[in-house]
Structures are given as structure tokens and as C-alpha cells.
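Following: one structure in C-alpha cells, then a few remarks.
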Amino acid sequence: MPLVTSKEILQRAMEDRFAVGAFNANNMEMVQAIVEAAQEERAPIILQVSQGAISYAGLDYAVGLVKIAAKLADIPVVLHLDHGTSFEQNVRCLRAGFTSLMFDGSKLPYEENVAITKRVCEIAHLVGIPVEAELGRVLISTDKVTPEEVEAAMTNPDQAKEFIERTGADSLAVAAGSVHAMRAREAELDTDRIEAIRQRTGVPLVLHGSSGVKHESILEAIEHGICKINVATYLNQAFVRGMGEGFKKMPDEVDPRKFLAISRENVKEAVREKIRLFGSSGRIDASGGFVSPPRQFRSVEIGRSEE
């Protein structure tokens, strides 16, 4: 089916208290794995392309791969710009056919973040494309951040209310205890802060840096307003692990497809695990529309849903 925007699926996630998986892809195999897993799980999916992935693959290649994958599926697929750091990058992606944008002004002074986010929203809304913004800072684990630094960078609920009112952003990425690029699952989220932001803004909230967050904390955060959860590092780990497995099993093999197939399957299973964790499995019917499955569809154990 054609690409869809993120607006309807995030609104549905907010109403029904589940989260949509937003998965970063860096190559064809990852695109295939993400969409195939979502198709089999009957889940809506947000396929994210970062500025780094665009630099690596090229904008037209990135868009083309996702459009082809979506066309072959009968579930809602969103093409989202992850961490767009300039107005110009957002405009380029809007013109290229992205159906969801993000301006990340979290490193800028507050007023500058407001001003550019508002400009991106104004131009995107003219053609019906939603915009994700970011307030507060999700720090990077490679910077060896301390717990005190993570807390200091968290989103202020009152400022979030003003930010949404002034910018018109459709969803908000919040800093509530997660850290980008964590390799171990150790972080816990400040769910009281998430709930306060939800009550003050009324928009779907987004969790970045989820790969390092404990599963129990993620489930609690979904109950308090997290509707979109980004997954990148976890997929990269699965992909690289697959390459290693291939080299070990077939040390004399010269056909790269043999290794890439293992990596693709690893990523597919990693995506499936997250879809079930987030409660989005079984949400899409045979016609590509939403259904409302009972609450027990949410996974309580990884890799298994309650029936």
C-alpha cells in the first residue's frame, strides 16, 4: 500500500495505549527485515532514515527502497526523517516524499529551537505532513554521561506545554532518562515526568534511545503517554552479529549475500521482539485498517504474546 503519514497511527496509539515501533534502516536488508516483520505481526510501522543513512545511501535510494517495501505490504508504513537538524534537510525530505518529518533543535537555544520547529511545521502542514520535534536532550552514551547529567537534560513539562503551543508540532520527543547508543539495557525512565508532559501537551510522545531502557520501564512509559519508540542500536547489533555468525560458519564463502541473509533474519527477529513488546502486534486487519484487539495482545514476555 502507499506510504501513510504518522499522524493517524500515533493518535490511535495514544488512544489505545500502545506504541508504534520506529526502526532505523541503513541498507536494503534492514528495510526488508523491518517491513517483513511488521507484515507478519500485522503491526503499523515507522521506518526511519537518519541524516547519516541519507549520506551513506543517497536520498533517492533511501526513499525508493522504502516506497518499494511499502508497496509490497498491506500494512501502514511511514517514511520518517530521524533527527533532521536543519530546516533545509526537512525541506529536501519533504520534497523527496517523506511522510513524516523531524526537526531536532534540542542542541540549540530554546528560542531558536522554537523558531525553526515552527517554520518546519508551517511548511509541512501545508501538504498534510506531520512533524516531530524534540525538547530536552537525549544524551549519547559514548560521551560517558553521568546520571546527574542525564537528569539535568530532561524535558521540563511546563516548557513542553509552551513549546507545543508556539510551534504546532504534532508529536514531541522527550528526554526522560534514556541515552542514545547504549549497548546494555540498564536505563529506567522517569514515568512521572512523562505523564506530566502528556497531561500538559496532549500530543503523542516519542522515546529516543530505547535500546538501553529496561523492558519493564518501556511498558510503564507506554501507559503514561509514549506512543512512538525509536530503535536503532539494537538493530545494528543484530545486523553485525549476523555478519559475524556468517563469517564463522562459512569462512571461505565469497558471496556476501550468504552473510547478509543471516543479518537480515537477525534484524527481522529483533524487530518482531520490539513490536510485541510495544503492544502493536495484531493492530492491523486484512484490509490494512486498524482493529482494536483486547489488551491481552500486549506481550508480557519477550517473544511471546498472551493469547
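Residue by residue through the stretch 20-45, note down the ones that are closer than 19 Å to LEU277 by Cα, of a type outside the set (Lys, Arg) and in a loop (DSSP other than H, G, I, E, B). Before you say what the answer is, go through the steps one by one.
To start, the set of residues in the stretch 20-45 that are closer than 19 Å to LEU277 by Cα comprises 20-24, 33-45.
Keeping just the survivors that are of a type outside the set (Lys, Arg) gives 20-24, 33-41, 43-45.
Within the stretch 20-45, ALA43, PRO44 qualify.
Among residues belonging to the stretch 201-211 that are touching a strand residue (DSSP E or B) at 6+ places or on another chain (Cβ under 7 Å) and at pLDDT 85 or above, point out the one that is farthest from LEU235 (Cα to Cα). By that ranking, first place goes to THR201. Filtered by the rule that a residue be free of Cβ contacts under 8 Å to residues at least 12 places away in the same chain and touching a Pro at 6+ places or on another chain (Cβ under 9 Å), the stretch 97-136 gives no residues.
Criterion first (part of a strand (DSSP E or B) and in contact (Cβ under 8 Å) with a residue 24 or more places away in the chain) does ALA196 satisfy it?
Values: part of a strand (DSSP E or B): no; in contact (Cβ under 8 Å) with a residue 24 or more places away in the chain: yes.
Answer is no for this residue.
Here GLY282 meets each of (1) in a loop (DSSP other than H, G, I, E, B); (2) free of Cβ contacts under 8 Å to residues at least 40 places away in the same chain with one exception, condition (2). Out of PHE239, PHE259, one residue alone is surrounded by 17 or more Cβ atoms within 10 Å (Cβ to Cβ), closer than 23 Å to ALA43 by Cβ and among the hydrophobic types (A, V, I, L, M, F, W, C). It is PHE239.
Each row is one residue, and each column tells you yes or no for (1) modelled with pLDDT under 90; (2) under 23 Å from ARG119 (Cα atoms).
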| position | (1), (2) |
| --- | --- |
| ALA173 | no, yes |
| VAL179 | yes, no |
| ARG183 | yes, no |
| LEU189 | yes, no |
| ASP192 | no, no |
| GLN199 | no, no |
| VAL213 | yes, no |
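Just to be sure, is VAL114 in a helix (DSSP H, G or I), under 20 Å from PHE163 (Cα atoms) and of a type in the set (A, V, I, L, M, F, W, C)? Considered against the rule, which asks whether it is in a helix (DSSP H, G or I), under 20 Å from PHE163 (Cα atoms) and of a type in the set (A, V, I, L, M, F, W, C), VAL114 comes out as yes.
Among the residues of the stretch 199-243, those identified as of a type outside the set (A, V, I, L, M), within 12 Å of the chain's Cα centre (by Cα) and in a loop (DSSP other than H, G, I, E, B) are HIS208, GLY209. Within the stretch 38-83, count every residue that is surrounded by 24 or more Cβ atoms within 10 Å (Cβ to Cβ), among the small types (Gly, Ala, Ser) and out of contact with any helix residue (DSSP H, G or I) (no Cβ under 8 Å at 6 or more places or on another chain). Of the residues in the stretch 38-83, 0 are surrounded by 24 or more Cβ atoms within 10 Å (Cβ to Cβ), among the small types (Gly, Ala, Ser) and out of contact with any helix residue (DSSP H, G or I) (no Cβ under 8 Å at 6 or more places or on another chain).
Somewhere in the stretch 46-58, is a residue over 28 Å from ALA176 (Cα atoms), of a type outside the set (A, V, I, L, M, F, W, C) and not in a loop (DSSP other than H, G, I, E, B)? Yes.
Yes/no per residue for (1) out of contact with any Ser or Thr (no Cβ under 7 Å at 6 or more places or on another chain); (2) at pLDDT 95 or above; (3) closer than 17 Å to ALA169 by Cα:
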residue: PRO44; (1), (2), (3): no, yes, no
residue: GLN48; (1), (2), (3): yes, yes, no
residue: ILE54; (1), (2), (3): yes, yes, no
residue: VAL63; (1), (2), (3): yes, yes, no
residue: ALA70; (1), (2), (3): yes, yes, no
residue: ASP82; (1), (2), (3): no, yes, yes
residue: VAL91; (1), (2), (3): yes, yes, yes
residue: ARG95; (1), (2), (3): yes, yes, no
residue: PHE98; (1), (2), (3): yes, yes, yes
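Taking the numbered list (1) over 18 Å from SER217 (Cα atoms); (2) charged (D, E, K, R); (3) at pLDDT 95 or above in turn, GLU307 passes all entries but (3).
Return the only residue of ALA133, ALA160 being modelled with pLDDT of 95 or more, surrounded by 21 or more Cβ atoms within 10 Å (Cβ to Cβ) and closer than 19 Å to SER86 by Cβ.
ALA133
The values are calculated or read from the model by the stated rules, or taken from the named source; none is laboratory data. This is a predicted model, so every value here is computed, not measured. For neighbour counting, all protein chains shown are included, and Cβ atoms are generated from backbone atoms with ideal geometry for every residue, glycine included.
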